Amino acid sequence: MLTRAPIHIVRSLSSAAKTTSAATPLKAASPFQESTIDTYKKLNFDDSITADDPEVRKLRDGILAGHRASLARAITIVESKNARKRAQGHYLLKEIMAAENEKIKKKGTDAMIFRIGISGSPGVGKSTFIESLGMELADNMNKKVAVLTVDPTSQTTGGSILGDLTRMQYLSRHPNAYIRQSPTSGSLGGVTRGIHEAIILCEGAGYDVVLIETVGVGQSEVAVNGMCDLFCLLLSPAHGDELQGVKRGIMEQSDLLIVTKADGELESRAKLTQAEYISALKFMRPKSDVWKPKVMRASVYKPETIEAIVKEMYNFWDNAAKTGYLVKHRNDQLITWMWSHVKDEIINLFKRHPDILRKSKSVEYDIRQGRTTPGIAAESLLRTFFGMPDPKDEQKP
């Protein structure tokens, strides 16, 4: 038989409950719940990998010995999104950079790889120019040349053609050359995730020059400037008034502007285009105090023009190394790349958050129905991520 507790005990328990509630207020919901953190760790981190990992050691030794197979495997690893491979890539890069720093201490800037970014609108002749430039460096200057090309990924099918090797038939067979093709995989800026890491790996493999070809996407292509020493912009003489078509932002980031296809019927037009750009550059501030951008003409049918361009490129290299600009620029690039990684990881964490996944569909539906604006919807998702309630006007009944 149940009995009722004395009234003074009930009042005492009620009073204690109120006191406890007042002393320990409930915490607001946090986006970083234990389950969320554990899931994110499994997707993005693998703490079982160490610097003594057999794969890391094997690839490090192979790269430092100049083995192409090891270099190709290592680039695949640093481009991967797999947690285990990402961890291996981080340790591998650390080992390669340590070895390169030792070489630089002994030999100075002579031990550093010359990073040349090459950009331009589609059809300007980037692949053809790169092959001629690579052959000049490999044959006449006896340089080991690495070419990193980036092809656009289809937004419809998600695939890439990766057909640059078909345009570089001679360079791809050269014993002193290595060509690696990668898709953009949705990355903006004309380059892809892992390109900066691939440059460091090529440096560790003993290459003297790396040529970075971008997809040719316009003004956002200035992202390549954050990973190269010399930024080269290719221009076509056959597309009308180029001053209207090329964005000012990418011109301001260029160290060398080259008018391609300067032969035959287009030679006179190439000279006129060169004069137009020389005039336009007078109104632009150079990106550094140690180098004034040059405008040159080039034709793959005139080897002397390619030779002159290579000479000008190495004038830039010697000047940048002598003034200290090269080392400073490289250090700034490393900081920039760190924040780029942080931005990418934060976006990945945000999109994979369980509450965001649940809410995003309804928010997208509301936008399509005209019930809210993209700005308000974005703020609502951010509030959800940080465990904050929506404004009263936006709360659904």
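Figures for the structure shown
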| read-out | value |
| --- | --- |
| Flag if GLY226 is on the phi > 0 side of the Ramachandran plot and either assigned by the TED database to the domain that holds GLY117 or modelled with pLDDT under 90 (or both) | no |
| Test: residue in segment 114-121 that is open to solvent by 20 Å² or more (accessible area, probe 1.4 Å), at pLDDT below 90 and farther than 26 Å from SER80 by Cβ | yes |
| Complete set of residues in segment 325-359 that are farther than 23 Å from MET112 by Cα and open to solvent by 70 Å² or more (accessible area, probe 1.4 Å) | TRP339, LYS343, ILE346, ILE347, LYS351, ARG352, LEU357, ARG358 |
| Residue within segment 360-368 that is of a type in the set (S, T, N, Q), assigned to a helix (DSSP H, G or I), open to solvent by less than 40 Å² (accessible area, probe 1.4 Å) and closer than 24 Å to ARG115 by Cα present | no |
| Test: residue in segment 61-80 that is out of contact with any strand residue (DSSP E or B) (no Cβ under 9 Å at 6 or more places or on another chain), modelled with pLDDT under 85 and closer than 28 Å to SER172 by Cα | yes |
| In segment 257-272, residue surrounded by the fewest Cβ atoms within 10 Å (Cβ to Cβ) [restricted to those that are touching a residue at least 24 places away in the same chain (Cβ under 8 Å) and farther than 10 Å from SER299 by Cβ] | LEU272 |
| Residue in segment 122-145 that is modelled with pLDDT of 95 or more, under 21 Å from the mean Cα position of the chain (by Cα) and surrounded by 20 or more Cβ atoms within 10 Å (Cβ to Cβ) present | yes |
| Selected residue [modelled with pLDDT of 85 or more, in contact with a Ser or Thr (Cβ under 6 Å, 6 or more places away or on another chain) and either farther than 30 Å from SER254 by Cβ or not aromatic (Phe, Trp, Tyr) (or both)] from ALA321, ALA378 | ALA321 |
| Residue count, segment 255-296 (criterion: under 29 Å from the mean Cα position of the chain (by Cα), modelled with pLDDT of 90 or more and not hydrophobic (A, V, I, L, M, F, W, C)) | 5 |
| Segment 291-322, residues that are part of a loop (DSSP other than H, G, I, E, B), open to solvent by 40 Å² or more (accessible area, probe 1.4 Å) and in contact with a Lys or Arg (Cβ under 9 Å, 6 or more places away or on another chain) | VAL300 |
| Failed criterion for ALA378 (all others in (1) touching a residue at least 60 places away in the same chain (Cβ under 8 Å); (2) closer than 30 Å to ASN225 by Cβ; (3) aliphatic (A, V, I, L, M) hold) | (1) |
| Boolean, LYS94 is open to solvent by 40 Å² or more (accessible area, probe 1.4 Å) and more than 23 Å from ILE179 (Cα to Cα) | yes |
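One line per residue, one yes/no per condition, for (1) in the same structural domain as CYS228 (by the TED database); (2) farther than 30 Å from ILE104 by Cα; (3) among the polar types (S, T, N, Q); (4) in contact with a Gly (Cβ under 9 Å, 6 or more places away or on another chain):
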| residue | (1), (2), (3), (4) |
| --- | --- |
| THR305 | yes, yes, yes, no |
| GLU312 | yes, no, no, no |
| ASP332 | no, no, no, yes |
| TRP337 | no, no, no, yes |
| LYS343 | no, yes, no, no |
| SER362 | no, yes, yes, no |
| ALA378 | no, yes, no, no |
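The values are calculated or read from the model by the stated rules, or taken from the named source; none is laboratory data. Remember, predicted model here, so these are calculated numbers, not experimental data. Counting neighbours? That spans all protein chains shown, and the Cβs are built from the backbone with ideal geometry, glycine included. What goes into the accessible areas is simple: the full protein's heavy atoms, side chains included, and nothing from ligands, DNA or RNA. Shrake-Rupley method; radii C 1.70, N 1.55, O 1.52, S 1.80 Å.
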